[in-house]
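Q: One structure follows; several queries about it will come next.
The values are calculated or read from the model by the stated rules, or taken from the named source; none is laboratory data. The structure displayed is predicted, hence computed values, not measured ones. Neighbour counts are summed over all protein chains in view; Cβ atoms, including those assigned to glycine, are modelled from backbone coordinates with ideal geometry. Accessible surface is based on the protein model in full, side chains and every heavy atom, while ligands, DNA and RNA are left aside. Shrake-Rupley method; radii C 1.70, N 1.55, O 1.52, S 1.80 Å.
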Amino acid sequence: MGKTMAEKILAKAAGVKEASPGDLLDVYPHVAMSHENAGLVSKSFKEIGTGKLYDPDRIVIIFDHRVPAETEKTAEGHKTVREFVKKHGIKNFFDINTGICHQVLPEQGFCRPGEVLVGTDSHTTTHGAFGVFSTGIGATEMAAVWATGKLWLMVPETIKVVVKGKFKPGVYSKDLILHLIGKLRADGADYKSIEFFGQAIDEMTIASRMVLTNLSMEAGAKSAMIPPDQKTVDYVKSVTNKPFEVIKPDPDAHYCQTVEIDLDQLTPQIACPHAVDNVKPLSELAGTVINQALIGSCTNGRLEDLEEGARQLKGRKVHPEVRMLVIPASWKVYRQALDKGLIAAYIDAGAVVLNPGCGPCLGAHQGLMAPGERCISSTNRNFQGRMGSTQSEVYLASPAAVVASAVAGMITLPEVK
Amino acid sequence: MKFSGTVFKYGNDINTDVIFPGRYLKVWEPAEMAKLAMEDLDKEFAKKVRKGDIIVAGKYFGCGSSREQAATCLKAAGVSVVIAESFARIFYRNAINLGLAIMVCPEIGSIAEAGDRLEVEPTTGEVKNLTNGKTAKAKVLPPFILEILGDGGLIPHLKKKMAKA
């Protein structure tokens, strides 16, 4: 019987001939990424006591969660990591002036088809957009990967998602994945991998594909992948000279479940408080007054997101009672947005542009909310207290819906002309 | 590996943001983390929890962020074992790696209520409610995972293995 991408990629990385769901493999990841929690990782690594990294070149550290440091405590954490990096000769270190890890990894050529990538961040599933088996782990486990080069992974079953039809105007990959999460529920893909298929996926930009694999985590996915095509290969070759082997699923691969989504029927979606699987057609929430609107994060902070948002502005101002925050996902995105006049458009509209980073998405840094406040956001989680007060609310939608709502002062469908 | 303690009971989809809020992620000291455990879900938890106590929950406990502080803070607060109908995969790994026992028990919700006293044995999967006499059977974890838990987590486990090698 044929094999899924997860089965083939994990078998290769473990050096075994073939793998099936449920097999426990010792896998050697090609890339091991951490952000600020590299501080915790280094603490556990020191406790292991070998003092020697298995391969410093596989380690990537990117500061993004609290940049620049918002407290003395964070500054101390940053300092500890910088010292560790220097001492151990870790050359893949990206300080506060680079961007969000899940945007910087592909930009810097660390997402290569057919490889395994682990990261101490749950949204590490993002890199499946490049045909990488990528998954989130904790800091202690990462310390073991630093020391031994490997970790155990159970080969997951795979859900096949088949996308039919074409996106209607004003409907984006964010709406597609929110709809899928609503269908699968928060734990529908727990311990499982997802593979995406369909003409709409083939036609999608790399950035839009990343939204699908990033948010698959919110259905519990261990990994989420898009079989690489020429677009993938061209992108990866433009950012790295390292050789890679494209691994695609076999045509007769076995899937534990098949989910079909018809884009012809899909309208703008919104995830309501306090769960990402609490998804409704956005039109049902239209008119809900908001206090804050946010574009950014590893989910929707890329150039096309800033462009789609700016298209909604049409020279209008952000509603006087709304605080609009714009956070480009990386320095590269920031620079491109500047060149295209997008930053100017947002500033002229009265938005606050913040430096690339995770920002308020996880409630750790900047732009938090008071009790009773409500935010519409292009980010990835809306758990209680996620963006400040436990008495505040976060609604998740596409960047276009976020900006349309920021202008109207209430949740609003994106304008489609 | 037998544990006994008082039950704190919660529902489905308890996420790591409410177990250990993002605003505290810069806090690394376990004793400090213990005081913040579950703050956004149950403000009384950190005050009331005693060493050995047991968390009982529904489906998909620990979903969301990969922050292992969610497991660290519960262990530091004295929790001996989390028994849930199911776990989110990253929390499951983090708990094992940090030496916090976990048990997957689909019937747990129907045999235990908040305040009950439980006695559990992860190596056999036995769950006994000392308050109402009811029993349930949890899934037994694979031997290599029980070994990591028995050693107190992944770091002591690795140290032990390396010393032998």
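Let's see how each residue does on (1) part of a helix (DSSP H, G or I); (2) closer than 22 Å to B:G152 by Cβ; (3) of a type in the set (D, E):
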{"site": "B:L41", "(1), (2), (3)": "no, no, no"}
{"site": "B:A46", "(1), (2), (3)": "yes, no, no"}
{"site": "B:R50", "(1), (2), (3)": "no, yes, no"}
{"site": "B:I55", "(1), (2), (3)": "no, yes, no"}
{"site": "B:S66", "(1), (2), (3)": "no, yes, no"}
{"site": "B:V82", "(1), (2), (3)": "no, yes, no"}
{"site": "B:A95", "(1), (2), (3)": "yes, yes, no"}
{"site": "B:G109", "(1), (2), (3)": "yes, no, no"}
{"site": "B:T124", "(1), (2), (3)": "no, yes, no"}
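Q: Another one. Just the residues that are within 23 Å of A:E218 (Cα to Cα) and either open to solvent by 10 Å² or more (accessible area, probe 1.4 Å) or small (G, A, S) (or both), please, taken from region A:370-384.
A: Of everything in region A:370-384, those that are within 23 Å of A:E218 (Cα to Cα) and either open to solvent by 10 Å² or more (accessible area, probe 1.4 Å) or small (G, A, S) (or both) turn out to be A:R374, A:S377, A:S378, A:F383, A:Q384.
Q: While we're on this one: With the checklist (1) in contact with a strand residue (DSSP E or B) (Cβ under 9 Å, 6 or more places away or on another chain); (2) within 13 Å of chain A (Cβ to nearest Cβ); (3) of a type in the set (D, E) in hand, flag the one item B:D53 doesn't pass.
A: Failing condition for B:D53: (2).
Q: Now a separate question. Tell me yes or no: at least one residue of region A:161-168 is more than 14 Å from the chain's Cα centre (by Cα) and either within 10 Å of chain B (Cβ to nearest Cβ) or open to solvent by less than 10 Å² (accessible area, probe 1.4 Å) (or both).
A: Checked against the condition, which is being more than 14 Å from the chain's Cα centre (by Cα) and either within 10 Å of chain B (Cβ to nearest Cβ) or open to solvent by less than 10 Å² (accessible area, probe 1.4 Å) (or both), region A:161-168 yields at least one hit.
Q: Hey, another quick one. Residue check: is A:V289 in the same structural domain as A:K332 (by TED's automatic domain parsing) and open to solvent by 60 Å² or more (accessible area, probe 1.4 Å)?
A: yes
Q: Got a sec? Which strands (runs of 3 or more DSSP E) wholly within region A:116-158 have at least 3 residues that are not β-branched (V, I, T)?
A: A:133-136, A:151-154
Q: Against the condition crowded, with 23+ Cβ neighbours inside 10 Å and not acidic (D, E), how does A:A337 come out, does it pass? Please lay out each step first, then the result.
A: Working: crowded, with 23+ Cβ neighbours inside 10 Å: yes; not acidic (D, E): yes.
In short, yes.
Q: Now for a different question. Residues of region A:268-281 being under 22 Å from the mean Cα position of the chain (by Cα) and either away from chain B (no Cβ under 14 Å) or among the hydrophobic types (A, V, I, L, M, F, W, C) (or both), which ones?
A: Of all residues in region A:268-281, those under 22 Å from the mean Cα position of the chain (by Cα) come to A:268-280.
The answer is A:P268, A:Q269, A:I270, A:A271, A:C272, A:A275, A:V276, A:V279, A:K280.
Q: Would it be correct to say that B:A112 is in contact (Cβ under 8 Å) with a residue 60 or more places away in the chain and of a type in the set (G, A, S)?
A: Judged against the criteria, B:A112 is a match.
Q: Checking the structure you have, find out if any residue of region B:4-21 is among the aromatic types (F, W, Y), assigned to a helix (DSSP H, G or I) and within 14 Å of chain A (Cβ to nearest Cβ).
A: Scanning region B:4-21, I find no residue that is among the aromatic types (F, W, Y), assigned to a helix (DSSP H, G or I) and within 14 Å of chain A (Cβ to nearest Cβ), so the answer is no.
Q: Continuing with the same structure: Just to be sure, is A:D187 among the charged types (D, E, K, R) and away from every other protein chain (no Cβ under 12 Å)?
A: No.
Q: Out of the residues in region A:233-267 that are within 24 Å of A:H127 (Cβ to Cβ) and among the hydroxyl-bearing types (S, T, Y), state the one that is farthest from the other protein chains (Cβ to nearest Cβ).
A: So, considering only residues that are within 24 Å of A:H127 (Cβ to Cβ) and among the hydroxyl-bearing types (S, T, Y), the one farthest from the other protein chains (Cβ to nearest Cβ) is A:S238.
Q: Okay, moving on. Would you confirm, using the coordinates I've provided, whether A:G350 is small (G, A, S) and surrounded by 24 or more Cβ atoms within 10 Å (Cβ to Cβ)?
A: No.
Q: Inspect region A:64-80 for any residue being more than 12 Å from chain B (Cβ to nearest Cβ), open to solvent by 30 Å² or more (accessible area, probe 1.4 Å) and free of Cβ contacts under 8 Å to residues at least 60 places away in the same chain and give the result as yes or no.
A: The answer is yes, given that some residue of region A:64-80 is more than 12 Å from chain B (Cβ to nearest Cβ), open to solvent by 30 Å² or more (accessible area, probe 1.4 Å) and free of Cβ contacts under 8 Å to residues at least 60 places away in the same chain.
Q: Further, regarding this structure: Please tell me if A:I290 is more than 21 Å from the chain's Cα centre (by Cα) and touching a residue at least 12 places away in the same chain (Cβ under 8 Å).
A: Taking the combined requirement at face value, the residue satisfies it.
Q: List pairs: first in region A:185-210 and in a loop (DSSP other than H, G, I, E, B), second open to solvent by less than 50 Å² (accessible area, probe 1.4 Å) and of a type in the set (F, W, Y), Cβ under 7 Å, 6+ apart or cross-chain?
A: Going by the 7 Å Cβ cut-off, the qualifying pairs are A:A186/B:Y60; A:D187/B:Y60.
Q: When you scan region B:87-107, how many residues do you find that are surrounded by 20 or more Cβ atoms within 10 Å (Cβ to Cβ), touching a strand residue (DSSP E or B) at 6+ places or on another chain (Cβ under 8 Å) and over 17 Å from B:K2 (Cβ atoms)?
A: Of the residues in region B:87-107, 8 are surrounded by 20 or more Cβ atoms within 10 Å (Cβ to Cβ), touching a strand residue (DSSP E or B) at 6+ places or on another chain (Cβ under 8 Å) and over 17 Å from B:K2 (Cβ atoms).
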